[in-house]
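Below is one structure, written out as structure tokens; comments come after it.
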Amino acid sequence: MKTVIVYKSKTGFTKKYAEMIAGEVSCDLMELKKATPEKLAQYDVVVFGTRFFAGMVDELKKAKELVARSGAKKFAVFATGATPNAAEDIVNDMWKNNFTPEELETIPHFYMQSGICYDKMPFGEKMMMKMAAKMMKNQKDKDEMGQGFEEALKGSFDISDIAYIAPLVDYLKED
Ligand SMILES: Cc1cc2nc3c(=O)[nH]c(=O)nc-3n(C[C@H](O)[C@H](O)[C@H](O)COP(=O)(O)O)c2cc1C
């Protein structure tokens, strides 16, 4: 099965995970902005790597449209984010809010915790983070997750680890 990982990465975490996966399974890497249906038509399996972004799976709609037009046989998604993998409810809610019930069943999806990198973050996104940090600071009666989120917004951190690619690598090796 010929496989490509199409990815979008602003601050490098998703790209790093895509490269780690490519180190384990034979596949090509392609930036989302360079992907076309014609290019993807050369592959049997398309994996889309992206980030969680303000409650959204960033560019999922665009990736789905590209894949549908390419005729690729298999499509899977992985996302990176500042949320720890252990926060399963938050991660599952994110998938539920971004996929239809049918897509949840038919599109394999994987989550890999990453972190926050302010150094490489575009200016507009830094502003979004600042606003979120301010809102969290003013919020009273924060639960444990809220406190964790507030802490996470304070500065850059990296909780990525090669161990988190294992479920997707196993899925890709099944073929
Ligand atoms: C404006 C903004 C919003 C974000 N929203 C979320 C979010 O809702 N959930 C989450 O877990 N991480 C969130 N993150 C963290 C990113 O998902 C994380 O840093 C991701 O790995 C970035 O990927 P990249 O380095 O490939 O661009 C957000 C980051 C930014 C800058």
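The values are calculated or read from the model by the stated rules, or taken from the named source; none is laboratory data. Note that this is a predicted model, so its numbers are computed, not measured. Note that we place each Cβ from the backbone using ideal geometry, even for glycine, and neighbour counts take in every protein chain shown.
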Criterion (farther than 20 Å from TYR17 by Cα and touching a residue at least 24 places away in the same chain (Cβ under 8 Å)) met by exactly one of MET112, MET135, MET129: MET129
Scope region 77-101; condition within 23 Å of TYR43 (Cβ to Cβ) and surrounded by fewer than 19 Cβ atoms within 10 Å (Cβ to Cβ); matching residues: PHE99
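Return the residues of region 58-99 that are assigned to a loop (DSSP other than H, G, I, E, B) and under 19 Å from ALA163 (Cα atoms); say none if nothing qualifies. Spell out how you get there, then give the answer.
Step one: of region 58-99, the residues assigned to a loop (DSSP other than H, G, I, E, B) are 58-59, 71-73, 82-87, 99.
Within region 58-99, ALA82, THR83, PRO84, ASN85, ALA86, ALA87 meet the criteria.
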Only one of (1) at pLDDT 95 or above; (2) at positive phi fails for ASP28. Which number is that? (2)
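Which one of GLU88, GLU103 is within 30 Å of PRO37 (Cβ to Cβ) and at pLDDT 90 or above?
Criteria check complete, one pass: GLU103.
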Being under 30 Å from ILE116 (Cβ atoms), out of contact with any Phe, Trp or Tyr (no Cβ under 6 Å at 6 or more places or on another chain), free of Cβ contacts under 8 Å to residues at least 60 places away in the same chain and away from the ligand (no atom under 16 Å from the Cβ) is the filter here; which residues of region 36-72 pass it? LYS61, LYS64, GLU65
Enumeration of residues in region 91-117 that are within 15 Å of the chain's Cα centre (by Cα), under 14 Å from ALA76 (Cα atoms) and of a type in the set (Ser, Thr, Tyr): TYR111
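Results for (1) outside the structural domain of MET129 (by TED's automatic domain parsing); (2) touching a helix residue (DSSP H, G or I) at 6+ places or on another chain (Cβ under 7 Å); (3) among the β-branched types (Val, Ile, Thr), shown as yes or no for each residue.
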position: LYS8; (1), (2), (3): yes, yes, no
position: PHE13; (1), (2), (3): yes, no, no
position: ILE21; (1), (2), (3): yes, yes, yes
position: GLU24; (1), (2), (3): yes, yes, no
position: ASP44; (1), (2), (3): yes, no, no
position: GLY49; (1), (2), (3): yes, yes, no
position: PHE52; (1), (2), (3): yes, yes, no
Which members of region 1-35 meet the condition of being in a helix (DSSP H, G or I) and away from the ligand (no atom under 12 Å from the Cβ)? MET20, ILE21, ALA22, LYS33, LYS34
Taking region 107-143 and keeping residues closer than 23 Å to ASP93 by Cα, near the ligand (Cβ under 8 Å from one of its atoms) and assigned to a helix (DSSP H, G or I) leaves GLU125, MET128, MET129, ALA132
